[in-house]
Amino acid sequence: MKKHTIWTLVTLMSLSLSVPVFAGSDHGGGMQGGGMKGMQMKGMDMKGSMPMMGKEIRTTQVNGYTLTYRLIDMKQKMEMMKGMSMKGMDMSKMKSHHLMVFVKGADGKPVTDAKAGFKVEGPSGAQEPVQKVMCMAMSGGFGADVDFKAKGTYTVKTKVVAGDTKLVDQFTYTVE
């Protein structure tokens, strides 16, 4: 059992370095099937979610679809992986956060065959006042790296296109 746990951790950490970000959700992300159930890891809370998977920052309904947003703090994620080899990674070019949106249809099933993007308007005086990024499909959702380095309120506009359906959402997120 110990060997299985160690190999699971090694595989998880390797995977998190091989893609831009390993992210999941408590509602059908990368940990489906209870593969992590019963494991105790540094940084894990009582519900079993880890900071590397981000925190839920918004859930909303748009035209019968449910959009759930999770934000991953990249500095916190890198801190959790301290001691692991970071060869080939240019940390100076890394964005501060990774933003994910998980889309579920009216039937409650995840929408994974879609295109998504974010337009992030920073607080006044921010070095990068507008960021436009296309998302990658990953872990049952869509994610992209964004910078939330400056303190203040950001406006996030999301567009998801699934077939003939276009979903548009907007919200604010404050960095303190």
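Residues that are under 16 Å from the mean Cα position of the chain (by Cα), closer than 19 Å to Arg58 by Cα and touching a residue at least 40 places away in the same chain (Cβ under 8 Å) number at least 1 in the following strands (runs of 3 or more DSSP E) confined to the range 89-176: 97-104, 115-121, 136-138, 141-146, 152-162, 165-175. Might you check whether a residue that is at negative phi, at pLDDT 80 or above and in contact with a Pro (Cβ under 9 Å, 6 or more places away or on another chain) occurs anywhere in the range 91-99? Yes: the range 91-99 contains one or more residues that are at negative phi, at pLDDT 80 or above and in contact with a Pro (Cβ under 9 Å, 6 or more places away or on another chain).
The values are calculated or read from the model by the stated rules, or taken from the named source; none is laboratory data. Bear in mind that the values here come from a model prediction, so they are computed numbers and not experimental data. Don't worry about glycine lacking a Cβ; one is built from the backbone with ideal geometry, like all the others, and counts go over all protein chains shown.
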